[in-house]
Amino acid sequence: MDESYAAVDLGSNSFHMIVANWTDGRLQIIDRMKEMVRLASGLNDKQELTKESMQQALECLQRFGQRIREIPHVNVRAVGTNTLRQARNGADFLLQAHHALGHPIEIIAGREEARLIYSGVAHTLYDEVNKRLVIDIGGGSTELIIGQGFDTYQTESLYMGCVNMSQRFFDDGKIKAKKMRKAVLFAMQELESLETAYKRMGWDYALGSSGTVIAIRDVVQAQGWCDSGITAGALTKLLDTLVAIGDSALIGFAGLSERRKPVFASGVAILYGIFEALNLKKIDVSDGALREGLLYDLIGRVHDEDIRDQTIMAVAQRYSADLEQAGRVKETAENFFHQVKAAWELDEKNDLKLLRWGAYLHEIGLSVAHNQYHRHGAYLTANSDLAGFSRQEQMQLAMLVRSHRRKFPAEEFEPVALAMRTSVMRLCILLRLAVVLHRSRSNTSLPEILIQVNKNQINLDFPSGWLNEHPLTLVDLGTEQSFLQSADIRLQCH
């Protein structure tokens, strides 16, 4: 049976959506929508989105939402990139955007954006033999990735895109030689820190993806400056021609949209800087990009091939977590979850995954120091580049790690979205109880423990006499009662 999926990419220049059917293990694109919203130009001096730019974005999302209304919620994923990473009032916009689209919008970090872009390219143009450099110039950031097959070796996201570079160097629309030179040098300066590492890693050929690169390719080929892809010679001719034209409003290349013109010169400057810094002679062009990568990631999650599971295990191993202890805690926390999920309205798929991940990562802070290790672990979880995770998911996971011991920090849950806050706090409680019951780190199995909940009231029922035979556990549970009581959570043990 066909399954429909949709991926929405809220880029800094354009919003994209693709809808696809998954049939017999193959993805068939059935619809594409794109609107040039240019969200990055809506950021004011205070790094806040203006009301006008938000309104334009919300109207676009309403149109997208109408198209995907019939698709199951679990089969839709929407992400925001650089501009929404920067916007100080991003949280206000995300609430309204959720309502407009009908789905929550996740903010992804730059390196996660790079990973997804590479995945989109790799699935569109599969090549398991050659090492490839992928270049993606967006509205607010530029991603450079080296990979082979579906694996990435180097991922980087730089804070330069065709919109913010246009505002910086071509704000009046004039394309002067001096301005172009400054823009190219700025791009090369941004690349300076990664140049050596990328050249050392090497690649067999280079590919560009997304709107800026595709627009440049279309222009240089329409002008007859090269036959395929984009060559260094064709790019130089284009740059010189733009300087000769001298004004964005006067650009008249066939096939270049009116809305692309104001940011075209800055996109050319970025690509020229990349060619210069990395000694490129030619790049080919891929039609696959972030949204295709999102789709394949989403299909993997639905079909139990979730890259986030691999990421968690890799992080746990990187910080030398005690995986045996993590497994014990996970098993008990899962047991409790299944007993309370109905009463606490927890989601079998997403909430249970979060709880499992929390169990595996709850002790990673020990790699920094034993004192306050829950805080160290929360910092590592919130601020690491975790493949497959959005910023919101990392924040939720960090709160599980932060809250698994000592005082229950109810007042620190502010960064967690309101819609998720109650369930994340409840998952924290389940993790805390599992950690307390395995404090001895013993391989001896726990008895059957029944847990009943009613809002903030929790009852643990142990087999008769078991607590008396385990006085240390009884004391630990007494301490836990005090910690939870201060957050107005009542724990009873019988």
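What follows draws every value from the coordinates through simple rules; no lab data is involved. Keep in mind it's a predicted model, so treat the numbers as computed, not measured. Heads up, the Cβs are rebuilt from the backbone with ideal geometry, glycines too, and the neighbour counts pull from every protein chain shown.
The GluC sites (Glu not before Pro) of segment 51-126 meeting both criteria, a DSSP state outside H, G, I, E and B (loop) and at most 13 other C-beta atoms within 10 angstrom of the site's C-beta, are E70.
Once the Cα atoms are used to define both axes, helix 232-245 deviates from the longest principal axis of the chain by about 70 degrees. Ordering Q154, F253, L295 by the projection of their Cα atoms onto the charge dipole of the chain, which places +1 on the Cβ of Lys and Arg and -1 on the Cβ of Asp and Glu, puts F253 at the extreme positive end. As a proxy for reagent exposure, M420, M399 were ordered by neighbouring Cβ count within 10 angstrom, fewest first; the result is M420, M399. Dimensions of the chain based on its C-alpha atoms, expressed as ranges along the principal axes with the largest first, amount to 88, 49, 46 Å.
The loop-placed trypsin sites (Lys or Arg not before Pro) in segment 1-55, going by DSSP, that have at most 16 neighbouring Cβ atoms within 10 Å of their Cβ come out as K46. Whole-Hz Karplus values for segment 400-410 come out as 5, 5, 4, 9, 7, 8, 6, 4, 7, x, 3 Hz, taken residue by residue from phi with 6.51 cos²θ - 1.76 cosθ + 1.60 and θ = phi - 60°; glycine and proline positions read x. In the chain, the longest principal axis of the Cα atoms and the axis of helix 323-340 are about 80 degrees apart.
Diagonalising the gyration tensor over the Cα atoms of segment 63-211 and scaling each eigenvalue by 5 before taking the square root yields semi-axes of 29, 24, 13 Å, largest first. Viscosity 1.002 mPa s, temperature 20 °C: what is the translational diffusion coefficient of segment 126-287 from Stokes-Einstein with a Kirkwood Rh over Cα pairs, rounded to a whole number of µm²/s? Translational D for this selection: 136 µm²/s.
Only the Cβ atoms of Lys and Arg (+1) and of Asp and Glu (-1) were treated as charged; on that basis the dipole of the chain about its Cα centre amounts to roughly 1240 debye. Based on the Stokes-Einstein relation at 25 °C and a viscosity of 0.890 mPa s, and on the Kirkwood radius from alpha carbon pairs, segment 267-401 is assigned a translational diffusion coefficient of 141 µm²/s.
Spatially close Lys pairs in segment 255-374, defined by Cα atoms under 30 Å apart and a spacing of eight or more places or different chains, total 7.
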